Each structure stands twice: as C-alpha cells, then as structure tokens.
C-alpha cells in the first residue's frame, strides 16, 4: 500500500542558518539512510545545496549521511 506524509512547517524560522524545511530534509535524509534507503535531495539552487551539505556533514556520527 502507498503511504504519504504531509508536514506543516513555519518556514520563516531559521535555526543554525537552516529553514524549517531544510532542517526536516536533513532529519528525513538521515532516517532514510540509516534504514538502508537511497537518498536524493533536489535543491532550489547552489546556495541551498551548500547549506544542506554543510548541515549533513556537521551531524553527529550516529546520524551521519555521506
């Protein structure tokens, strides 16, 4: 059976330079990677790609996403 999850986020708030959407992307990417799934993140632009890359590399070792 197919499954869909919807998130309602306040994207005006930033923490450590990341919007709520970007923070959620990092959390979901780490969760999926740990469960053995492939992860592809499509970014709006190069700046966002850089922010997400930095955030993913800065995560604790147990939630690292290469």
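The values are calculated or read from the model by the stated rules, or taken from the named source; none is laboratory data. Note that the structure is a prediction, hence the values are computed from the model and not measured. Cβ coordinates were reconstructed from backbone atoms using ideal geometry, including for glycine residues, and neighbour counts include every protein chain displayed.
Filtering the stretch 42-59 down to residues that are loosely packed, with under 10 Cβ neighbours inside 10 Å and not in a helix (DSSP H, G or I), which residue is modelled with the highest pLDDT? Filtering the stretch 42-59 for residues that are loosely packed, with under 10 Cβ neighbours inside 10 Å and not in a helix (DSSP H, G or I), the one modelled with the highest pLDDT comes out as 45. Screening the candidates 21, 25, 39 for the property of being assigned to a loop (DSSP other than H, G, I, E, B) and under 13 Å from the mean Cα position of the chain (by Cα) yields one hit, 39.
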